[in-house]
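Handing you this structure, nothing more for now.
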Amino acid sequence: MTKHLPTLATMLISSLLTLPTWAVEVTFKPVADGVYAYIGDIEGRTYDNEGLNANIGLIVTPAGAVLIDSGSSYQVAAKIHEAIKKVTSQPLKLVINSGDQDHRWLGNGYFTEKGIETLAHADAQADMKARANEHMQGLKVLKERLDGTQPTLPTRFVKEANTTLDLGGTVIELKHQHGGHTPGDTLVWLPQKNVLFSGDTVYVDRVLGMHEVSNSKNWLESFAVIDQIKPQVIVPGHGQVTDLATAQAQTRDLLLALRAHMEKAVDNGMDISAAVKSFDATPFAKLKHADVWIPQLANQTYLEMERE
């Protein structure tokens, strides 16, 4: 008896089942001479984006390359390293963690293993230790793509508000004002290029995020540094490369509006539910996730103003 040949539909389904699952591809794009950025997904952490839903930076100097943020996992860090090699033959000398959120530092283990120095502000240390397990739990969506990842603290912590690095004549200024999104948030300023890597002090295109460790007052103090230095180009923590006016409108002004509204609500004895519902989010309605996340931000800001 002749065996039945598979139908076209069966063959198609079979071929689809064997297609590889999409994985993040790290590619650095030029921002200025010798300065590059990878622009990550602005959605949540998924298996497909490998938790790299944030922007990272690369500075090429005569004394070697500097990476801003090590990525969300050991495997992502390896991809970042390969992407750097496609941009420059200069060896990677330093990795700066711009904050203590998972995608800023969980790739440290890979680079430490390679003997490459990793650096963050000392205010990040306690939060990195406290939330490392939480970060790992949140990244379980990566499944086998999380294999090899071990939370690894930076090999160097700086304590000063302002730290200047000079690599072969390229000046990199680290500016820290007690964070905001996370306690260790640090601005990476390139005065010779007029380019700022803001880390999570700036969000554009999507609504900023807050966690229990976030502090809107500190955040605005950090943003005040950006207002002062007036960068021509900003690589935000999330969203497309932008300018100062956009960063002010989509991050600073949202924080100011939340604090002003919630301060008045607390002073007038308004309960939290009414305060959240009465916050006017219209100026920020076009930002991604605004309808879901702004009420959460309003709730957290009210609680923060109560503590103040």
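FYI, it's all coordinate maths here, none of it is from the lab. The structure presented is a predicted model; accordingly, all values stated were derived computationally and were not measured. Every residue, glycine as well, gets a Cβ built from its backbone with ideal geometry; the counts of neighbours run over all protein chains shown.
If you split all Cα-Cα distances of segment 98-221 into 10 Å bins from zero, what percentages do you get per bin, shortest first?
It works out to 12, 41, 36, 11, 0, in whole percents.
If you average over every viewing direction, what projected area does the convex hull of the Cα atoms of segment 211-267 give, in nm²?
Over all viewing directions, segment 211-267 projects a mean Cα-hull area of 4.5 nm².
Where in the chain are the DSSP H helices whose alpha-carbon span along the long axis reaches 18 Å or more and whose Kyte-Doolittle mean is at least -1.0?
74-87, 216-229, 253-267, 290-307
Nearest 5 is fine: what % of DSSP beta bridges in the chain come out antiparallel, could you say?
Bridges in the chain that DSSP calls antiparallel: roughly 60 percent.
Say the dipole of segment 19-164 comes from +1 at the beta carbon of Lys and Arg and -1 at that of Asp and Glu; which of Gly71, Asn53, Thr163 then lies farthest toward its positive end?
About the Cα centre, the residue reaching furthest to the positive side is Thr163.
Using only the Cα atoms of segment 188-308, construct the convex hull and provide its projected area averaged over every direction, in square nanometres to one decimal.
Spelled out: convex hull of the Cα atoms, projected over all directions, averaged, 7.1 nm².
Under 20 °C and 1.002 mPa s, how fast does the chain diffuse according to Stokes-Einstein, given a Kirkwood radius computed over C-alpha pairs? Answer in µm²/s, whole number.
Answer from the Stokes-Einstein relation: 105 µm²/s.
Let's see if you can work this out: charge +1 on each Lys and Arg Cβ, -1 on each Asp and Glu Cβ, no other charges. What is the dipole magnitude of the chain about its Cα centre, in debye to the nearest 20?
About 780 debye.
Test of understanding: what is the full-extension gain from Asp48 to Asp243, defined as 0.36 nm times their sequence separation minus their Cα-Cα distance?
So the extension gain works out to 67.3 nm.
While we're looking at this one, here's another question. Work out the FRET efficiency for Asp271 and His211 from their Cβ-Cβ distance, taking R0 = 25 Å, and round it to the nearest 0.05.
Calculated transfer efficiency: 0.60.
I would also like to ask the following. Rounded to whole Å and sorted largest first, list the principal axis extents of the Cα atoms in segment 32-116.
So the extents along the principal axes, rounded to whole Å, are 36, 29, 22.
If we count every other residue with Cβ under 15 angstrom of Glu25's Cβ, Lys/Arg +1 and Asp/Glu -1, where does the sum land?
Local charge sum for Glu25: +1.
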